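To start, the structure itself, in structure tokens.
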Amino acid sequence: MFILLPPSEGKTPAQDGAPVDLSSLSLPELNETRREVLAELQKVSAAPDALDQLGVGERIAGEVARNIDLDTEPTAQALTVYTGVLFEALDVSAVLQAPRERVERVFIASALFGMVGALDHIPAYRLSMKTSLGDLGPLAKLWKEALGEPLAEHFGDAPVLDCRSGDYRRPWPGIPENTVAVNVVKEVAGKRTTVSHWAKHTRGLVASHLLQRSEPMPSSPEAIADAVAEQFEVEYAPPRGKQSAVLTVVLPDA
């Protein structure tokens, strides 16, 4: 199976390490688009109205300025570059001790790179999939055109646990019969509500559990649901037509 994670807005810049080498990244079929996005991001980030174009505030002007030199910035493994609630819950240091063949089946969505492997070396950058980037236009549309065939070929018939957020699912929602999207709800007095912060946290815990359990990785969408049920209360809805399977994790009232 494969696990798809969302990126995070926050990132930890590498202190040393070679600059990004696109030829070393997973899914090399994406490199032409990656070069286009990288060049345009550097151009936009150097413009006087860069913050407005990227839809960010003055407090992260330093991160935008770093975009200008992304081709020379040091890199680190993607799992260590992305930060935030999901990656804290994932427990990156522990996951990196899991069998390498498991970690290599984790991919992280990216507005800059389309999709990267967990162990790919990337620089810290600032860019959202919501962005309309200079002359390239909406990134979601650009990546939708680029991702489909390479991802379908790479993932094949393997089950895919999709922990991405909506903005990063849209360019490539996955193959319905193989994909299990993770939703998280909280139940209070019999009523269920969506919970953004805890959804990210829970998705990180779910992915961490699957990567670190001693049993073999699940080999079907139903087996994914059974494995997650070892640690969480879950409800599984099988795929229907163009709709992928949905695994709803139900959090009890604290």
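A compact globular protein would have a Cα radius of gyration near 2.2 N^0.38 Å; the ratio found for the stretch 1-125 is 1.05.
How many percent of DSSP beta bridges within the chain run antiparallel, rounded to 5?
Values: 18 of 35 bridges.
Here the antiparallel bridges make up roughly 50 percent for the chain.
The alpha-carbon atoms of the stretch 66-119 define a convex hull whose volume equals 94 cubic angstrom per residue. Computed from Cα atoms, the angle from the helix 196-212 axis to the main principal axis of the chain rounds to 70 degrees.
Packing order of peptides 236-246, 124-134, 30-40, 49-59, highest average first: 124-134, 30-40, 236-246, 49-59 (average count of other Cβ atoms within 10 Å over each peptide's residues). By accessible area, using a 1.4 Å probe on protein heavy atoms only, the stretch 197-254 has 52% of its surface on carbon and sulfur. Our summary gives the chain a relative contact order of 24 percent, counting only alpha carbon pairs under 8 angstrom and 6 or more residues apart.
Determine the sum of side-chain charges near residue 253: Lys and Arg each +1, Asp and Glu each -1, restricted to other residues whose C-beta is under 15 angstrom from that of residue 253. Write down the numbers at each step before the final one.
On the way: positive: 186, 191, 192; negative: 187, 233.
It works out to a net charge of +1.
At q = 0.11, 0.15, 0.16 Å⁻¹, what is the log10 ratio I(q)/I(0) for the chain, with the Debye formula run over Cα points and no solvent? Values, matching the q order: -0.59, -1.08, -1.21. Net charge in the neighbourhood of residue 221 (other residues with Cβ under 13 Å of its Cβ; Lys, Arg +1, Asp, Glu -1) is -4.
Quick one: net charge around residue 244, please, counting Lys, Arg +1 and Asp, Glu -1 for every other residue with C-beta under 10 Å from its C-beta. Let's see the in-between values first.
Numbers: positive: 169, 240, 242; negative: 162, 177.
In short, +1.
Here's the list of aspartates and glutamates a cross-link from residue 191 could span, going by alpha-carbon distance under 14 Å and ignoring same-chain residues fewer than 8 apart: 253. The packing ranking, built from the mean of other Cβ atoms within 10 Å per residue, places the peptides 13-22, 221-230 in the order 221-230, 13-22, highest first. The distance between label points at residue 39 and residue 101 comes to 4.0 nm (points 7 Å beyond Cα on the Cα→Cβ vector).
Per atom type, the stretch 1-78 shows carbon and sulfur on 47% of its accessible surface, probed at 1.4 Å.
The values are calculated or read from the model by the stated rules, or taken from the named source; none is laboratory data. Keep in mind it's a predicted model, so treat the numbers as computed, not measured. So basically every Cβ, Gly included, is an ideal-geometry build from the backbone, and we count neighbours across all protein chains shown. The accessibility values were calculated without ligands, DNA or RNA, using every heavy atom of the protein model including side chains. Shrake-Rupley method; radii C 1.70, N 1.55, O 1.52, S 1.80 Å.
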